[in-house]
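Trainee: Below is one structure. I have some questions about it.
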Amino acid sequence: MRYDLVLLNTVLIPVAGAFILPLVARISLKTRDFAALGLVLASFVFSLLLIPQIMAGRAVIIFSQLPLGFNFVLTADALAVFMACVSSFISAIIILYSFGYISHYENQNEYYTMVVLFLGAMMGLVFAGNLILLYVFWEITAITSWRLIGFFREKKHVICADKAFLVTMFGAVLMLIGFISIFQQTGSFDLAVIKESVKTNPVSNLAIALILVGIFSKSATLPFHTWLPDAGVAPSPVTALLHAAILVKIGVYVFARLFLTTFSLAQFWHTAVPIIAAISAIVSAGAALRETDIKRIIAYSTVSQIGFIFLGLSIGNELAVAGGLLYILMHGLAKAGLFLCAGIIEQNTKTKDITKLGGLIKTMPVTAMAFLFCAFSVMGIPPFGGFFSKYMVFAGAVETGHLWIVFAFLVGAFLTILYLFRVFNLVFLGEARSLIQAKEKSPIMVTSVAILAVLSLVGGIFINYPCGFVQIILANMAGIIK
Amino acid sequence: MYSSLILLPFLSVIALNLPFRNLMKKLAFVVCLLVLLVQISLIVCPSICIWSNDLDIFGSFLQFNFAVDNLSRVMLFCIGIVLLAALFVQRYIIDDEERIFNFVNVLLLILIGMDGIVMVRDIFSLYIFLEITAVGSFILIGFNKDVDAFEAAFKYIILSVVATVLMLSSIALLLIVSGSTSFSSISDALKTSPDSLLISSAVAIFLCACFIKAGLIPFHGWLADTYSAAPAAVSVLLAGIVTKTVGAYTLIRIVNSVFGFESSINSLLLVIGIISIVIGALAALGQRDFKRMLAYSSISQVGYIILGLGCGTTLGLAGAVFHLFNHSIFKTLLFVNSAAVELETGTTDMNGLSGLSKKMPFTAMTSVVASLSAAGIPPLSGFWSKLIIIMALWMSGFYVYAVIAILASVLTLAYFLSLQRMVFFGRLKEDSANIKEAGLGLMFPALILALIIVAVGLFFPFIINTFILPAGNILGG
């Protein structure tokens, strides 16, 4: 099989296909919906096809030389394929859910185009083997999320969309300066060249700091996190896509791509990044405890959980890195599930305020169970997927001896349990406070959240499969993590 | 063969004003269209021009030194495209034969002026063509004959005259030093003669004249009024190409071929550039009028061009030329969009508008493309030119300028997002139910321009190898 073509298709099909969707909509709206799903599934299947190559220890590379070091390079190594599979799979579920959710709103063409383009840009980003190419896809995701957050066209919503765009753009341009400074030092934007060059000549701390600003702004880490709760005004599948599955993982992924597979961080950063992550995790968990808007609570929870992933990736220990990578998968599944549950609740009760809800477990049993499963996974209750990954992060961090940081994160984990139970308690248990008798109307939406909930559990029970794959990723990082 | 680019519009103007005026009035639009298409096709594929040798004989009667390098080619292409867009806009908005005829005549005059500016290699001829362009612009700004337009035209005349006086005195001083007006001899004379107050004041005066013409801060007073008061087609013309040719291009050419890159000139350019970028962007943020916002955005974007030039490196020059090209395309597109909005809603006040993307989806979409390109968001064309400028700054060690310039692009994004929010992206007002999409006459140029932006963005490696890097190199050499 021509694996380079497979790789190219993974990126090209959703990127190019997204622009054909409005044309397909002229045939029929149903065809367009299924075409959107098909494009994302195609991308998922093509990324799965890359797995045998990775298992055999070969990376797939597409390379073409361009002037000024802007080479077009797509590299499929274990880390990239892992991210690609996770993002495209969760996107497919989210599109399935959208069939029900979005069906009675305007501008559906724009919605599907932007969602598929978003996924395509994500695929491009994970496979990008060149800093400028990575930046290009990084900003395409920003454009699409701007359109998607402002989807309902209310003035307030568009302002939130602008805010998200501006905050992430601010980080991105600083990151670009960091990239240019790396270019000045190594003479190339090509990651492979940079990797060779920095072995003898480490990257300056200024460049790393600038890149970290970009990463933190995209991954909504303190102090750049405020756009994320505000972005909760978007349609629920979009928030699931942005907050849980993909957008916020971009920063985490780029962190892993640059600082774990390309060059190593100075010792100083192995303490500094976990401290920032710890502050971010605790502050946002506290915010989640105070909020009453269900989507904002889950959004703050995302900010908090991203802190755990950063802890795993940055503490400088192999076990912790493995835990962090696994948590990208588990958190993606569970948090997407939580947002989609919130979407079902919001559509059926017409409110997002948890103090006005109650007793929904009687009328919406499947949603309630799915919410509980996903919440268990995020809390880290065994045998759900989140438990294993969080455990590995903590175990690895303890090994490095930063006990204060570990303690701070334990507080964060405890707060996570508190605020998620608070939401569950107020929304699903107790007396029904809402006068409207809410029902689970759309079977397709309920099915999608059920799939995510079940996968959160199954992912935990069969943890050895994703774990095995993460081992291969770690093997690629050999020599960079101590 | 390039002298035909001057002769063809010149002969057309004469032909249009011969007897049979009634017939000529009908033909005016077509003639102008053909002249512009010839210009564009000549640049895109020079080999189609089989009659080139014959016309060069006529060209030899002209007392000008014409030379065309890659920079001139890029400019000639832009001139063709933007004038075409302006012609379409005018034709669509004003359906009066007499006025189209007048417009076409002046447009051809401006075409002669700008083609001359980008092709001459002689500082006095440069001045003459600058004046031709300026006179054409005065007439067009006042084309609608209302008070605002006359006021704007008056402002432009006054500042332009100041620039003219400065330029002429500088030329006189240079003539004292070198004894000739051709670029190469002045350049040689400047190299050999010792540094003197005379030369440095001549250089400074000339640069100031260019800053006035380009509307850079602190010489920007005329620009916003002129752009917003001029008729839609004329704003397209002025913002898209006229100020860029008479200001930015002249600066690039003069600094490169005549004055050379000295540290004092470079730092002057860098400072003026960065001030224009930041103040222009901040002023644009505060605007509530569509065209005024675009005008201030122009100041800011020309700042990037000057900043690239100020690097003094090949890469910086390439970035400046590339951004000059991109800027004329996306700013023209934005002004075409503003013309569409003004025509359909009758206002350019953004407070009175909202959610037009529902009624004018095509205009909204193309304006998003242009805005994002202007803000330097990949994969659109504006990103690559800004990236090259920032890289050039960083490589030359101007770290502070690079950081300020790149942070200013966040400001650029901020004002374009607020433009989008107020005009297109939002809820439609109830009283605007009757608004419809602008007609084909406006959609066609918008489509072409948007396609150029996207194509240049996606195929930038090809563009950069074939046009932009050579433009930088030839200048450097």
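Trainee: Among all the aspartates and glutamates, which ones have a C-alpha under 17 Å from A:Lys199's C-alpha, if same-chain residues fewer than 8 places away are not counted?
Mentor: Answer for A:Lys199, where 17 Å is the Cα cut-off: A:Asp190, listed by chain and number.
Trainee: Separate question: How fast does the protein assembly as shown diffuse by Stokes-Einstein, in µm²/s, taking the Kirkwood radius from C-alpha pairs at 4 °C and 1.567 mPa s?
Mentor: Value of D from the Cα-based Kirkwood radius: 44 µm²/s.
Trainee: Where the centre of each part is set by its Cα atoms, how far does region B:126-144 sit from region A:304-325, in angstrom?
Mentor: Cα centroid to Cα centroid, the span is 65 Å.
Trainee: What FRET efficiency do you get for A:Ile461 and B:Leu282 if R0 is 41 Å and r is their Cβ-Cβ distance, rounded to the nearest 0.05?
Mentor: Working: r = 58 Å, r/R0 = 1.40.
FRET efficiency, A:Ile461 to B:Leu282: 0.10.
Trainee: Between B:Leu37 and B:Thr466, with labels modelled 7 Å along Cα→Cβ, what's the label distance in nm to one decimal, could you check?
Mentor: 2.1
Trainee: Cross-link list A:Lys163/A:Lys295; A:Lys156/B:Lys291; B:Lys155/B:Lys213; A:Lys156/A:Lys249; B:Lys359/B:Lys429; A:Lys295/A:Lys335: which exceed 20 angstrom alpha carbon to alpha carbon? Before the final figure, lay out each step's value.
Mentor: Numbers: A:Lys163/A:Lys295 18 Å; A:Lys156/B:Lys291 25 Å; B:Lys155/B:Lys213 12 Å; A:Lys156/A:Lys249 26 Å; B:Lys359/B:Lys429 11 Å; A:Lys295/A:Lys335 11 Å.
Checking Cα-Cα distances, A:Lys156/B:Lys291; A:Lys156/A:Lys249 exceed 20 Å.
Trainee: Now a separate question. Assign unit charges at the C-beta atoms only (+1 for Lys and Arg, -1 for Asp and Glu), then state the dipole size of region B:261-477 relative to its Cα centre in Debye, rounded to the nearest 20. Could you put the intermediate results ahead of the total?
Mentor: On the way: 11 positive and 8 negative charges, 57 e Å.
Roughly 280 debye, rounded to the nearest 20.
Trainee: Could you size up the charge dipole of chain B around its Cα centre, putting +1 on the beta carbon of Lys and Arg and -1 on that of Asp and Glu, and report it in debye to the nearest 20? Intermediate values should be presented prior to the final figure.
Mentor: Working: 24 positive and 24 negative charges, 134 e Å.
It works out to roughly 640 debye.
Trainee: Within 10 Å of each residue's Cβ, count the other Cβ atoms and sort A:Tyr3, B:Tyr399, A:Tyr111 from fewest upward. Kindly include the intermediate steps, with their values, before the conclusion.
Mentor: On the way: A:Tyr3 17, B:Tyr399 14, A:Tyr111 22.
Arranged by neighbour count, lowest to highest, A:Tyr3, B:Tyr399, A:Tyr111 become B:Tyr399, A:Tyr3, A:Tyr111.
Trainee: Which translational diffusion coefficient, to the nearest whole µm²/s, is obtained for chain A from the Stokes-Einstein equation, given a Kirkwood hydrodynamic radius over C-alpha pairs, 20 °C and 1.002 mPa s? Walk me through the numbers on the way to the answer.
Mentor: Numbers: Rh = 22.1 Å.
It comes out at roughly 97 µm²/s.
Trainee: Using the Cα atoms of region A:239-296, I'd like the radius of gyration and the largest Cα-Cα distance, Dmax, both in angstrom.
Mentor: Taking only Cα atoms of region A:239-296, I get Rg and Dmax of 14.6, 43 Å.
Trainee: If one computes P(r) from the Cα atoms of region A:1-146, what percent of pairs lie at distances over 24 Å? Show your work: numbers first, answer last.
Mentor: Values: 3343 of 10585 pairs.
Result for the distance tail: 32 percent.
Trainee: Label chain B by shape, choosing from rounded, prolate and oblate, from the square roots a ≥ b ≥ c of the eigenvalues of the Cα gyration tensor; if a/c is under 1.5 it is rounded, and otherwise prolate applies when a/b is larger than b/c, oblate when it is not. Spell out each step's value before the answer.
Mentor: On the way: a/c = 1.59, a/b = 1.18, b/c = 1.35.
Cα axes put chain B in the oblate bin.
Trainee: Could I ask something else about it? Could you give me the ³J(HN,Hα) list for region A:316-327, computed from phi with Karplus coefficients 6.51, -1.76, 1.60 and θ = phi - 60°, whole Hz, x at Gly and Pro?
Mentor: x, 9, 4, 5, 5, 4, 4, x, x, 5, 4, 5
Trainee: Quickly estimate the mean residue ellipticity at 222 nm for the protein assembly as shown, helices only: each DSSP H run with n ≥ 4 gives -39500 (n - 2.57), and the total goes over all residues, rounded to 500.
Mentor: Working: 42 runs with 708 residues, N = 959.
About -24500 deg cm²/dmol.
Trainee: Using the charge dipole of region B:261-477 (Lys, Arg: +1 at Cβ; Asp, Glu: -1 at Cβ; taken about the Cα centre), state which of B:Gly319, B:Thr466, B:Leu419 has its Cα farthest towards the positive end.
Mentor: Result: B:Leu419.
Trainee: To continue, here is another question. Separation of region B:410-451 and region A:396-457 by C-alpha centroid, Å?
Mentor: 42
Trainee: Which residues' amide hydrogens lie under 5 Å from the amide hydrogen of A:Asn130, considering only partners 5 or more residues apart or on another chain, with H built in the peptide plane?
Mentor: Result for A:Asn130 returns A:Val73, A:Leu191.
Trainee: Taking H placed 1.01 Å from N in the peptide plane, check which residues at least 5 places from B:Asp289 or on another chain put their amide H under 5 Å from its amide H.
Mentor: Residues meeting the amide H criterion: B:Met350.
Trainee: In the calculated pair distance distribution of region A:191-249, what percentage of Cα-Cα distances lie above 17 Å?
Mentor: Numbers: 927 of 1711 pairs.
Of the Cα pairs, 54 percent sit more than 17 Å apart.
Trainee: Tell me, what ³J(HN,Hα) does each residue in region A:350-367 have, in order and in whole Hz, if you take phi through Karplus 6.51 cos²θ - 1.76 cosθ + 1.60 with θ = phi - 60° and put x for Gly and Pro?
Mentor: Ordered by residue, 3J(HN,Hα) equals 6, 9, 10, 7, 5, 6, 9, 10, x, x, 6, 4, 6, 8, 10, x, 5, 4 Hz.
Trainee: Same structure, new question: In nm, to one decimal, how far is the modelled label at A:Leu410 from the one at B:Ser180, with both set 7 Å along Cα→Cβ?
Mentor: 8.6
Trainee: Sticking with this one: What is the spin-label model distance, in nm, from B:Ser193 to B:Phe138 if the labels are put 7 Å beyond Cα along the C-beta direction?
Mentor: Here the answer is 3.1 nm between the modelled labels.
Trainee: Turning to a different aspect of this structure: Classify region B:69-192: rounded, prolate or oblate, from the alpha-carbon gyration tensor (a ≥ b ≥ c, eigenvalue square roots; a/c under 1.5 rounded; otherwise prolate if a/b is larger than b/c)? Can you show the working numbers first?
Mentor: Working: a/c = 3.59, a/b = 1.76, b/c = 2.04.
Cα axes put region B:69-192 in the oblate bin.
Trainee: Additional query: By counting other Cβ atoms within 10 Å of each Cβ, how are B:Phe460, A:Phe152, A:Phe371, A:Phe394 ranked from fewest to most?
Mentor: Values: B:Phe460 25, A:Phe152 16, A:Phe371 28, A:Phe394 21.
The fewest-first ordering by Cβ neighbours comes to A:Phe152, A:Phe394, B:Phe460, A:Phe371.
Trainee: Also, quick follow-up: Averaging over every viewing direction, what projected area does the convex hull of the Cα atoms of region A:157-282 cover, in nm²? Don't skip to the answer; put the middle values down first.
Mentor: Details: hull surface 31.7 nm².
If you wrap the Cα atoms of region A:157-282 in a convex hull and average its projections, you get 7.9 nm².
Trainee: By a straight-distance test (C-alpha under 21 Å), which lysines pair with A:Lys362 as possible cross-link partners, with residues fewer than eight away in the same chain excluded?
Mentor: A:Lys350, A:Lys352, A:Lys439, A:Lys441
Trainee: About its Cα centre, how strong a charge dipole does the protein assembly as shown have in debye, to the nearest 20, once Lys and Arg get +1 and Asp and Glu get -1 at the Cβ? Intermediate results must be reported in sequence, preceding the final value.
Mentor: Details: 53 positive and 43 negative charges, 406 e Å.
I would put it at about 1940 debye.
Trainee: Would you kindly derive the ³J(HN,Hα) couplings of region A:134-141 from the backbone phi angles with the Karplus curve 6.51 cos²θ - 1.76 cosθ + 1.60 (θ = phi - 60°), listing them in order in whole Hz, with x for Gly and Pro?
Mentor: After applying 6.51 cos²θ - 1.76 cosθ + 1.60, I find 4, 5, 4, 5, 3, 6, 5, 4 Hz.
Laboratory data are not the source of any read-out in this text; all were calculated from the coordinates shown. Keep in mind the model is a prediction, meaning the values are calculated, not measured. Cβ atoms come from the backbone with ideal geometry, glycine included; neighbour counts cover every protein chain shown.
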